[in-house]
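Just so it is clear, none of the values below were taken in a lab; they were calculated from the coordinates. Everything numeric here is computed off the predicted structure, so don't read it as measured data. With ideal geometry, Cβ positions are generated from the backbone for all residues, glycine too; neighbour counts draw on all protein chains shown.
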């Protein structure tokens, strides 16, 4: 079922309402042709409505869509979608794609819809801003939506903040994710990495895409928390800085078997591990950055 908005939510979304009204006029002004004599929205056949080509969302959760479809089958569509006429008796969605998809899934033939007059630019801006107010956009979809507001409509981040009700600093941070390699962006989009993980990976931006991809893959493979990922990436940076400061330092000469064992321990623990071996004798040094990481070492040793 779609979210029920409280008084607090309504206050938070005030900027959206103002933005949409400035584009299309007050919400109560609906084309007369789209309203029946009772004042109810027009019931339009689902197959006469086309998807919005400016839709920011690219992923729709199948489970929640099925839940909405079940609700629609039992109770009907509680809120009309918004469309515009595109000629030939056909319409294009402006808002309400989840309801449109779920209605199809529920086996409905029609859906209640408000028809509004809007040009391509108005539809695009309205769609982007409306989507940015939703809680279920993934971080990459959100980042691309803000990028569109900047490139297509020449909005500054301050203007975006006013139109969407979000903090300017938050907008700046989310837009930075677009500097990630596409491989890592895909991991964020599918939930394999969180936005927090992605921001950690961005610390390696100066080292290039390969460095970011390698770190991202290891973070996913080792199932590191954001905090653990920070330690992992900070170690990478510290090691590279050390190499730059001491270019003449000799690389450790290691037996291949010892090197492989060291790598396995790093991957197993998700921590800094160094094996100093001399003729079969030596020491294993494990670094940790806090109590949680120390507990993880004890757990691995069977002392949990």
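Where does each of 188-194, 144-150, 254-260 land if you order them by average Cβ count within 10 Å, highest first?
The most tightly packed comes first, giving 144-150, 188-194, 254-260.
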To make sure I understand, if each residue's beta carbon is the centre and we count other beta carbons within 10 Å, what order do 44, 94 fall in, fewest to most?
44, 94
Measure off 7 Å from each Cα along the Cα-to-Cβ vector at residue 283 and residue 162, then give the distance between these two points in nanometres to one decimal.
6.2 nm
Most exposed first, judged by fewest Cβ atoms within 10 angstrom, 172, 71 run 172, 71
Between residue 217 and residue 55, how many nm apart are label points set 7 Å from Cα along the C-beta direction?
3.3 nm
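How do 62, 85 line up, fewest other C-beta atoms within 10 Å first?
Fewest-to-most ranking of 62, 85: 62, 85.
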With a point put 7 Å past each Cα toward its Cβ, work out how far residue 71 is from residue 48 in nm, to one decimal.
2.7 nm
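Residue 227 to residue 209: extension gain in nm, 0.36 nm per residue of separation minus the Cα-Cα distance?
The span from residue 227 to residue 209 would gain 4.3 nm if fully extended.
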